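One structure below.
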């Protein structure tokens, strides 16, 4: 497990999370004109966080599959 959690892997996880998060934010902000509404803003942020987490989990799964083979 130490081999997986090195600095390069952590940096890739952070980069992947922020890419997914920002992509989700950009798409949702462009489709919602009224981002000053607190409920819409919360939904956009929750969607962005979910997208970022999903990206990271996919990245981890890829690395675990490579390690098994």
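Brief remarks on what is shown
- Among 39, 28, 58, the residue with the largest mean-square fluctuation in a Gaussian network model of the chain, with springs joining Cα atoms closer than 10 Å, is 39.
- Simple label model, 7 Å out from Cα along Cβ direction - residue 46 to residue 32, nm: 1.0 nm
- Efficiency of FRET between residue 8 and residue 54 - r from beta-carbon atoms, R0 22 angstrom, step 0.05: 0.55
- Kirkwood hydrodynamic radius of the chain, Cα pairs, Å: 13.3 Å
- Between the helical axis of 7-31 and the longest alpha-carbon principal axis of the chain there is an angle of about 20 degrees.
Quick note: the coordinates plus some simple rules give every number you see, no bench work behind them. On a predicted model such as this, the values are computed, not experimentally measured, just so you know. No Cβ is skipped: glycine too gets one built from the backbone with ideal geometry, and neighbour counts run over all protein chains shown.
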